[in-house]
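Input: a single structure, listed below in structure tokens.
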Amino acid sequence: MNNMIRIKNSIKLAINSMKTNKGRTLLTILGMVIGVMSIVVVFSAGEGLKKLIIKQIESFGTDIIEIETRIPVGKNKMGNESHESAMSMAQGVRITTLTLKDVEDIKKIPNIDGGYGALMGQELATYGSKRKKASLFGVSADFINIDKSEINKGRFFTNAEDESLTKVVVLGAGIKEDLFGDSDAIGNYINLGKSKYRVIGIMKEKGAAMGMDFNRYIYLPVQTLQKKIMGIDYLMYTIYKLKNSEITDETVKEVKIILRENHDINNPDDIVGVDDFTVVTMEEMMKTVNSITKYVTGLLLAIVIVSLVVGGVGIMNIMYVIISERTFEIGLRKALGAKNKDIMWQFLMEAIIISILGAILGIILGILLSLLITFAANAYGLSSSFKIPIYALFISLIFAVSTGLLFGVFPAKKAAELNPITALRNKN
């Protein structure tokens, strides 16, 4: 009961002291507000970034595997990795072994439900007086059956058109507007470089994914892009749809066997770095995203904690100033019977109240700032979602109160240990 009375009295005295020195109290709270606000924003941004990336990965489908080219890492005589691969990448070396033959061979695996090869390039697209530097996306005809993209008008090209190197294109919604405006594009011809290509379809509008705005892409048969425009016979990457995603690992092993045989690679022990390709599953991408976001969030949180510590040091310094200014008051209270505990609780409670107020204001401002960031991201076309985990609010509050206790206890202890006679002599 006595402890409760002591705490109540300490709270009253602390609040009265804070009211008396409003300017100093606000400045002390400000450091805590910035630290707590930063914690809330960091957790919110981390969750938003993770959801954004995962959403974009899921837009490709969880039953998808992707094969990308990579420069194999050489081995020196000591068995260590050679730096030749890194040098080759820096010098722009390209891997040209991934081909349409690989696509056809992999599609024969029982668990593969279709696949396509992909290649990207650039060319000047013109229609009448309209000119646009366009991104070209060459894909196999199976693309439209595997990707989540849809045709808005017209049709997609066929395998026969791909095999015969037909000069046909399907326009993304954005590039169609750039070249044709409100006019009908189907059946008209656009120029890619010096050659004419017939428009046979328009894609439905689609959000950006993995930093690529597919609305600005011109889709055309991959072999047409290879032979008629780029003069190559290799692919950048290939995509496959699985019939049963529960046996993904077994399917990946079969894919690797086919690619190693086609590319003359001897790697029976599946040694990382020896292959000139990498097989990526959506599950692996999800795990990688989770690991990266956790690491980045942890790193940012560590930086934020530093700002909280700075805020705590501010509290401690202000508390020391307050004690020096109220030395006579402390001596008077002790002379009238106040115990060391009473004095200590008074100043400790002041530090805790400042921390709690800072935490509450920081949480409110953190939520508002997170909402603002979300709106800005959506306006920029990133389709970000607002979410602040409940544990983030608890962590913010715990950090704030802990900081108040940690940095408030030393000044409070100093105040409690003042000699009343010495303190009474210190009247200003």
- prompt: Do we have residue 74 as surrounded by fewer than 17 Cβ atoms within 10 Å (Cβ to Cβ) and modelled with pLDDT of 70 or more here?
  reply: no
Any chance residue 362 is modelled with pLDDT of 85 or more and within 20 Å of residue 316 (Cα to Cα): yes
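Mind counting the residues in region 271-287 that are of a type outside the set (Lys, Arg) and over 23 Å from residue 235 (Cβ atoms)?
Narrowing region 271-287 to residues of a type outside the set (Lys, Arg): 271-286.
Going one step further and asking which of them are over 23 Å from residue 235 (Cβ atoms), we end up with 271, 283, 286.
Residues in region 271-287 being of a type outside the set (Lys, Arg) and over 23 Å from residue 235 (Cβ atoms): 3 in total.
Let me confirm something: among 258, 239, 271, which residue is closer than 18 Å to residue 103 by Cβ and surrounded by fewer than 21 Cβ atoms within 10 Å (Cβ to Cβ)?
On the way: 239 fails: surrounded by fewer than 21 Cβ atoms within 10 Å (Cβ to Cβ); 271 fails: closer than 18 Å to residue 103 by Cβ.
The match here is 258.
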Log entry, pairs with first residue in region 163-190 being in the same structural domain as residue 206 (by TED's automatic domain parsing) and surrounded by 22 or more Cβ atoms within 10 Å (Cβ to Cβ), second being of a type in the set (S, T, N, Q) and part of a helix (DSSP H, G or I), beta carbons closer than 7 Å, six or more apart or on different chains, reads 172/215
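Residues are listed down the side, and each one gets a yes or a no for (1) at pLDDT below 80; (2) in the same structural domain as residue 291 (by TED's automatic domain parsing); (3) assigned to a strand (DSSP E or B); (4) at positive phi:
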{"position": "33", "(1), (2), (3), (4)": "no, yes, no, no"}
{"position": "79", "(1), (2), (3), (4)": "yes, no, no, yes"}
{"position": "124", "(1), (2), (3), (4)": "no, no, yes, no"}
{"position": "141", "(1), (2), (3), (4)": "no, no, no, no"}
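Taking residue 204, is it loosely packed, with under 15 Cβ neighbours inside 10 Å, in contact (Cβ under 8 Å) with a residue 24 or more places away in the chain and out of contact with any helix residue (DSSP H, G or I) (no Cβ under 6 Å at 6 or more places or on another chain)? Don't jump to the end; show me each part of the working.
Working: loosely packed, with under 15 Cβ neighbours inside 10 Å: yes; in contact (Cβ under 8 Å) with a residue 24 or more places away in the chain: yes; out of contact with any helix residue (DSSP H, G or I) (no Cβ under 6 Å at 6 or more places or on another chain): yes.
Considered against the rule, which asks whether it is loosely packed, with under 15 Cβ neighbours inside 10 Å, in contact (Cβ under 8 Å) with a residue 24 or more places away in the chain and out of contact with any helix residue (DSSP H, G or I) (no Cβ under 6 Å at 6 or more places or on another chain), residue 204 comes out as yes.
The values are calculated or read from the model by the stated rules, or taken from the named source; none is laboratory data. Because the structure is predicted, anything quoted here is derived from the model rather than measured. Reconstructed Cβ throughout: ideal geometry from the backbone, glycine too, with neighbour counts over all protein chains shown.
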